[in-house]
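Below is one structure, written out as structure tokens; the observations come after it.
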Amino acid sequence: MNSATVRNLLVRGMLAGLAAGLLALVVAYLLGEPNVDKAISFEDAHSREHEMEVVSRSLQSTAGLATGVLVYGVAFGGIAALAYCFALGRVGRFSPRATALLLSGCALTAVYVVPFLKYPANPPSVGDPDTIGKRTTLYFLMMLLGVLLAVAATILGKRLQPRLGTWWATVLAVVAFGVLIGLAYRFLPVVNEVPKDFPATLLWRFRLSALAIQVALWGGFGLLFGELADRVLNPRPAKAPAAARTVPAAH
Amino acid sequence: MAQTVAPPTATTPAVPAKLPLSAIAPWAVFFGILMLILLYFVGAEQGATSVFSGTDVHEWVHDARHLLGFPCH
């Protein structure tokens, strides 16, 4: 019974991740791709060596982009659904939908915003190919650190709650999270490989669009998965009482 | 926001029941690893490390890798 609930939530998490991935894909295509194209034009104008095209630009910016973003959505949807199974009823007095949105917000922060503020997304032509190993390690390390510290802060908050009350326990846990992340920012190596003449506005727009993709992904996931999880956990009676939220969604 | 306590009704219990860890663990281990492998292929394959030789995977997800924030090249 409980195992079936976990399975149902996991499947819905992956489906919600796929749907949120579609939303993120629209944002990526409309807001992100123009900046990628501009960065590639810059790269072509400033480097003498021309790489041979393995996959054409028109495929990279459509089918390739879709593959990457949708797989990312499904994978994080599945992971978030499993985390949701742990979090449900354990983090505080939150309904299934509120738990989903809260978890989604925390995931956006821990998995994306925390690494992003130290090692932000870079468009093509920013980044030295020789340091790819170091940059990849640092990026995944920052992701892992964000997740571990978010979990630790949640546990700390739960421990402090009986003594300090919910408000101050939460404030203290969030401050502890911020301080530790700040220390990590201070001591991890700086990466700055922006070419000298690269347009600052293009870099800024690219990074904003990268952030918008993640906000769309996690926002969409939190709302959609919350709704699906609520239906698994609180099955509606066949004859629903008159209420504002009984509008049936298209199947 | 106002601290409104909604009257508990039959359809919306205040706090959802916890799922036992023993029910979550098998799913979490198997699917957790599977999802991480998917993320690896989107985010890092044929960049810093390679399972398959060549650059096909890297080139195919090139734009996604840049826009999702992974270090690409």
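For region B:55-71, a residue qualifies if it is more than 14 Å from residue A:209 (Cβ to Cβ) and at the interface with chain A (Cβ under 7 Å from one of its Cβ atoms), and the qualifying residues are B:55, B:56, B:59, B:60, B:61, B:62, B:65, B:70, B:71. The set of residues in region A:187-207 being aliphatic (A, V, I, L, M), in a helix (DSSP H, G or I) and surrounded by fewer than 14 Cβ atoms within 10 Å (Cβ to Cβ) consists of A:200 alone. Only residues that are more than 7 Å from chain A (Cβ to nearest Cβ), farther than 16 Å from residue A:143 by Cα and either of a type outside the set (A, V, I, L, M) or outside any helix (DSSP H, G or I) (or both) were counted across region B:13-40, and they come to 4. Name the single residue, out of those in region A:44-85 being surrounded by fewer than 19 Cβ atoms within 10 Å (Cβ to Cβ) and either under 18 Å from residue A:225 (Cα atoms) or of a type in the set (Lys, Arg) (or both), that is nearest to the other protein chains (Cβ to nearest Cβ). Here the residue is A:57.
Determine whether region A:159-174 contains at least one residue that is in contact with a helix residue (DSSP H, G or I) (Cβ under 8 Å, 6 or more places away or on another chain) and small (Gly, Ala, Ser). Yes, region A:159-174 contains at least one residue that is in contact with a helix residue (DSSP H, G or I) (Cβ under 8 Å, 6 or more places away or on another chain) and small (Gly, Ala, Ser).
Within the option set A:117, A:108, being over 22 Å from residue B:41 (Cα atoms) and in the same structural domain as residue A:205 (by TED's automatic domain parsing) holds for one residue only, A:117.
Do we find that residue B:48 is at pLDDT below 95, on the phi < 0 side of the Ramachandran plot, surrounded by fewer than 11 Cβ atoms within 10 Å (Cβ to Cβ) and of a type outside the set (Lys, Arg) in this structure? No; evaluated as a whole, the condition is false for this residue. Of all the numbered requirements in (1) in a helix (DSSP H, G or I); (2) of a type in the set (D, E, K, R); (3) facing chain B (nearest Cβ under 7 Å); (4) without any contact (Cβ under 8 Å) to a residue 40 or more places away in the chain, residue A:93 misses one, and that requirement is (1). Within region B:13-55, the set of residues being more than 17 Å from residue A:229 (Cα to Cα) and of a type in the set (Val, Ile, Thr) comprises B:29, B:33, B:37, B:42, B:49, B:51, B:55.
The values are calculated or read from the model by the stated rules, or taken from the named source; none is laboratory data. Quick caveat: nothing in here was measured; it's all calculated off a predicted structure. Cβ: placed from backbone, ideal geometry, glycine included. Neighbour counts: every protein chain shown.
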